[in-house]
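Each remark here refers to the structure printed beneath this line.
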Amino acid sequence: MVLLFFAMGCAGRVGTLREAEVSPAAILARLQQRHLELAGFRAAGTLQLIAPSQRMSGKVFLAARMPNLLRLELLSSMGQPVLYFVSDGQHYTVWSPGKSQAYTGTSSDDSLFELFELPVKDHEALLLLAGRLATRDFAATKIMRDARSGDLLLTLFNSAAGVTKLVWLDASGTRAKSVEVLGRNGRQLQVRFDNFKWTDGFFHPMELTLEASKVRFTLRYQKFLATGPADDEAFRLKLPPDVKILPR
């Protein structure tokens with residue numbers, strides 16, 4: 001366990017960590033309950049993506065319905081769409097307005113990785129965008145409390161995949177502050193959540209940063225609204241009749 005603390009840059013906290021007075025299973029159940037509270041969301045803000053084969057930045061509009069429906073619009077400084085990514089859970093479409101071609105493919109849980117090089121599954125990405133964690137197929141194995149800050153460190157493990165998640169939570173165990181994903185070959189991913197806000201009964205981060213090998217994704221929200229299921233039409237992209245659709 002100490003090696004894991006050093007791997008995630010928490011060596012300074014090792015001496016202040018103590019066994020928590022709550023059970024790991026109870027905190028995991030609390031996190032899973034928070035997932036059930038989220039049916040979808042709409043948000044606007046700014047996005048920056050730095051990846052090996054592309055760079056992307058600008059204003060962004062997002063609409064999501066759990067578990068895997070997403071509409072992403074990247075906007076110019078004048079607020080005009082310059083890129084659409086729309087997935088209805090079965091098929092996705094990518095199109096830049098003004099281009100004569102659009103690309104479509106069969107949605108899988110790896111669509112965002114294939115298109116934007118984000119090293120997370122689609123259903124996990126949507127949860128992360130709302131400050132939630134994917135805990136399916138993970139067991140809670142250990143929980144510690146930092147004696148100085150009161151923060152909790154929850155260890156989750158997926159034995160079949162050989163993946164460990166180290167999750168820093170606030171003192172109540174309801175708000176994730178960061179998560180580190182470790183695979184058999186070392187760290188795969190780190191996500192940090194900042195500037196939490198309470199909006200209409202929903203607690204969410206206003207900023208998140210995702211870092212992996214050669215990939216950095218930063219999203220800063222200006223508006224965030226938790227919603228019920230959005231209309232299906234939000235997750236379909238209507239293209240001009242002269243745009244040619246090509247398989248990706």
Fluctuation leader among Glu73, Glu117, Glu19 - the chain, Gaussian network, Cα springs under 10 angstrom
Glu19
Quick one: accessible surface of Glu180, probe radius 1.4 Å, all protein chains present, in square angstrom to the nearest 10.
0
Answer label, with Rg/Rh (Cα atoms, Kirkwood Rh) calculated from the coordinates and candidates (1) 0.99; (2) 1.05; (3) 0.94:
(1)
Quick tally, 1.4 Å probe accessible area for Phe224, Phe196, sorted with the most first, runs Phe196, Phe224
Would you work out if segment 86-154 is rounded, prolate or oblate? Take a ≥ b ≥ c from the square roots of the eigenvalues of the alpha-carbon gyration tensor; rounded if a/c is under 1.5, else prolate when a/b is larger than b/c, oblate otherwise.
prolate
Counting heavy atoms of the protein chains only and a 1.4 Å probe, report the per residue accessible area for segment 119-182 as a whole number of Å².
32
Can you list the lysines whose alpha carbon is less than 24 Å from that of Lys223, not counting same-chain residues fewer than 8 positions off?
Lys59, Lys177, Lys197
Within the accessible area of the chain (1.4 Å probe), percent carbon and sulfur
53
Give me the orientation-averaged projected area of the Cα convex hull of segment 37-119, in nm², one decimal.
6.0
At a temperature of 4 °C and a viscosity of 1.567 mPa s, determine how fast segment 120-248 diffuses translationally according to Stokes-Einstein, using the Kirkwood radius over alpha-carbon pairs as Rh; express D in µm²/s, rounded to the nearest whole number.
77
Where does each of Lys223, Lys177, Lys197 land when they are ordered by accessible area, with a 1.4 Å probe and the largest first?
Lys223, Lys197, Lys177
For segment 150-199, what size does the Cα cloud have along each of its three principal axes, sorted from largest down, in whole Å?
37, 19, 17
Listed by chain and number, the aspartates and glutamates with an alpha carbon less than 15 angstrom from that of Lys165, same-chain partners under 8 positions apart left out, are Glu124, Asp137, Glu180, Glu211
Principal axis lengths of segment 115-177 from Cα atoms, whole Å, largest first?
42, 26, 16
Only Cα pairs under 8 Å and at least 6 apart count here; give the relative contact order of the chain as a rounded whole percent.
22
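The values are calculated or read from the model by the stated rules, or taken from the named source; none is laboratory data. Please read all numbers here as calculations on a predicted model, not as lab measurements. In case anyone asks, the SASA skips ligands and DNA or RNA and just uses the protein heavy atoms, side chains included. Shrake-Rupley method; radii C 1.70, N 1.55, O 1.52, S 1.80 Å.
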